[in-house]
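Please read the structure below before turning to the comments.
The values are calculated or read from the model by the stated rules, or taken from the named source; none is laboratory data. If you're wondering where the values come from, they're calculated on a predicted model, not measured in any experiment. Cβ: placed from backbone, ideal geometry, glycine included. Neighbour counts: every protein chain shown. Note: areas computed on protein heavy atoms with side chains; ligands, DNA, RNA excluded. Shrake-Rupley method; radii C 1.70, N 1.55, O 1.52, S 1.80 Å.
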Protein chains: 2
Amino acid sequence: MTATRERIVESADTLFYETGFEATSFADIAATVGISRGNFYHHFKSKDDLLCAVIDLRKERTRAMLDEWEKTNEDPFDRILCFANILMTNRAKIMAFGCPVGTLCAELSKLEHAARAQASEIFGLFRDWLEHQFRALGARDAALPLAVRILAWSQGVAMMATAFGDEAFIREEISSIRTWLKEHPDIPSTA
Amino acid sequence: MTATRERIVESADTLFYETGFEATSFADIAATVGISRGNFYHHFKSKDDLLCAVIDLRKERTRAMLDEWEKTNEDPFDRILCFANILMTNRAKIMAFGCPVGTLCAELSKLEHAARAQASEIFGLFRDWLEHQFRALGARDAALPLAVRILAWSQGVAMMATAFGDEAFIREEISSIRTWLKEHPDIPSTA
DNA sequence: GATAAATTAGGACAATTGTCCTAATTTATC
DNA sequence: GATAAATTAGGACAATTGTCCTAATTTATC
């Protein structure tokens, strides 16, 4: 049975997000899952191995979320707005713990951790998906710059939300993103 | 003599930035400063106390930097560009360790650390200073939103730089910030 | 230059860390 | 239902953590 393994990854995912990778101990995870501490090494060969499993889970879930947005929205414009709206949907957690992707990348960078590049790939999934949407909107060569721009924008808003805890600001920025999309000269079909 | 205390704070400042607060041990700092490990407690009553001293140092240096920008630039427009340019000036460190202010805020949030609010005040210094500059440019009620917007923008660019390590992107974004400032309808004197 | 105060070195401390090992228990296989 | 395999619990481990204490040393005071 791999149920235990999945429960470990699930708990580690939450704890790594809410308290950080380094600050989360096996004792913390064991207490949450309800298993013995020495039992981890039957499922993972090290804490780094567990981290890799958590990152893989996040990548998988990110792909699923992006697919879902694509499936439930015909208009690429609306799809991009789905992306912007996660700031509002997850506002409580973002204000408390920051963006899960950004904060993990930052922590692994400081630790010079081998999984650093893997974590950045989650950003890569968003970037590529957004580029695809902008291209569908007719942005052509501007698609990639626009994708990174809106990704950076959302990261900036997330950081301000963490620092100042201002929910109204998040709402206003999402509104600004919508206006920016509609009026952008490089996006012919929405202008 | 307080020289030792200052050297401790100095080393801690660098190490907290480059490897994180939690991941930096007294042993690490002691090795850098070249003193005994048990010697810290004559200068600081705890690691949290040392963190407070580091944050105070950063706030002091931020104030000094902002004063300097104000002194060496007549035009508030140029002053704001000084702010945007730190992304380029510190690009190597930002790509390696992220923004020192943002990453500290994020880490302390996750740790639910008492000094969390203190760290956010560094962002507050930038925000208030930027608001002051936008007001000087005639932005009136738009000054505060514009200040937080450009602060968020810089944070987003810093995070992308950390994740993707793309120096050209930083350069392009600073250029975009300049254009944005010049053409913004809420800033009469630059439009 | 003697005396008091400030500073430092070195080690002890209890707690915690990730890791590993072994014995017990559960589960799957025939 | 016996046997093998997979899983788990519990504890040992060496290393490291922040913290504290004491004795030695340096510095300041008169």
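Annotation: of all residues in segment A:115-124 being open to solvent by 20 Å² or more (accessible area, probe 1.4 Å) and closer than 18 Å to A:Ala12 by Cα, the one that is farthest from the other protein chains (Cβ to nearest Cβ) is A:Gln118.
Meeting the requirement of 2 or more residues that are on the phi < 0 side of the Ramachandran plot and out of contact with any helix residue (DSSP H, G or I) (no Cβ under 9 Å at 6 or more places or on another chain), the helices (runs of 4 or more DSSP H) wholly within segment A:68-185 are A:167-183. Residue check: A:Ile35 meets all listed conditions (1) within 16 Å of DNA strand D (Cβ to nearest atom); (2) open to solvent by 50 Å² or more (accessible area, probe 1.4 Å) but one, namely (2). Residues considered: A:Ala30, A:Ala53, A:Ala64. Of these, the only one that is under 27 Å from A:Trp129 (Cα atoms) and within 16 Å of DNA strand D (Cβ to nearest atom) is A:Ala53. With respect to the conditions (1) within 16 Å of DNA strand C (Cβ to nearest atom); (2) open to solvent by 30 Å² or more (accessible area, probe 1.4 Å), B:Arg63 falls short on a single one, namely (1).
Of all residues in segment B:6-18, those that are free of Cβ contacts under 8 Å to residues at least 40 places away in the same chain and either within 14 Å of chain A (Cβ to nearest Cβ) or within 21 Å of A:Phe21 (Cβ to Cβ) (or both) total 2. If you take the residues in segment B:125-153 that are facing another protein chain (nearest Cβ under 9 Å), open to solvent by 10 Å² or more (accessible area, probe 1.4 Å) and under 16 Å from the mean Cα position of the chain (by Cα), which one is nearest to A:His113 (Cα to Cα)? If we take residues in segment B:125-153 being facing another protein chain (nearest Cβ under 9 Å), open to solvent by 10 Å² or more (accessible area, probe 1.4 Å) and under 16 Å from the mean Cα position of the chain (by Cα), then B:Trp153 is nearest to A:His113 (Cα to Cα).
Run down B:Phe40, B:Phe44 and say which single residue is more than 30 Å from B:Ala168 (Cβ to Cβ), out of contact with any Asp or Glu (no Cβ under 9 Å at 6 or more places or on another chain), aromatic (Phe, Trp, Tyr) and assigned to a loop (DSSP other than H, G, I, E, B).
Numbers: B:Phe40 fails: assigned to a loop (DSSP other than H, G, I, E, B).
Of the residues listed, the single one that is more than 30 Å from B:Ala168 (Cβ to Cβ), out of contact with any Asp or Glu (no Cβ under 9 Å at 6 or more places or on another chain), aromatic (Phe, Trp, Tyr) and assigned to a loop (DSSP other than H, G, I, E, B) is B:Phe44.
If only residues of segment A:30-59 that are near DNA strand C (Cβ under 8 Å from one of its atoms) and among the hydrophobic types (A, V, I, L, M, F, W, C) are counted, the one that is nearest to the chain's Cα centre (by Cα) is A:Leu50.
Condition check ((1) closer than 19 Å to A:His113 by Cβ; (2) basic (Lys, Arg); (3) in contact (Cβ under 8 Å) with a residue 40 or more places away in the chain; (4) in contact with a Ser or Thr (Cβ under 6 Å, 6 or more places away or on another chain)) across all residues:
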| residue | (1), (2), (3), (4) |
| --- | --- |
| A:Phe21 | yes, no, yes, no |
| A:Ile29 | yes, no, no, yes |
| A:His42 | no, no, no, no |
| A:Arg58 | yes, yes, yes, no |
| A:Arg63 | no, yes, yes, no |
| A:Asp67 | no, no, no, no |
| A:Thr72 | no, no, no, no |
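Answer with yes or no whether A:Gln155 is in contact with a Gly (Cβ under 9 Å, 6 or more places away or on another chain), under 22 Å from A:Arg61 (Cα atoms) and in contact (Cβ under 8 Å) with a residue 12 or more places away in the chain.
Working: in contact with a Gly (Cβ under 9 Å, 6 or more places away or on another chain): yes; under 22 Å from A:Arg61 (Cα atoms): yes; in contact (Cβ under 8 Å) with a residue 12 or more places away in the chain: yes.
Yes, satisfied.
For A:Ala27, the test of being at pLDDT below 95, small (Gly, Ala, Ser) and within 14 Å of DNA strand C (Cβ to nearest atom) is passed. Taken over segment A:1-27, the criterion of being in contact with a helix residue (DSSP H, G or I) (Cβ under 6 Å, 6 or more places away or on another chain) and among the charged types (D, E, K, R) is satisfied by A:Arg7, A:Asp13, A:Glu18.
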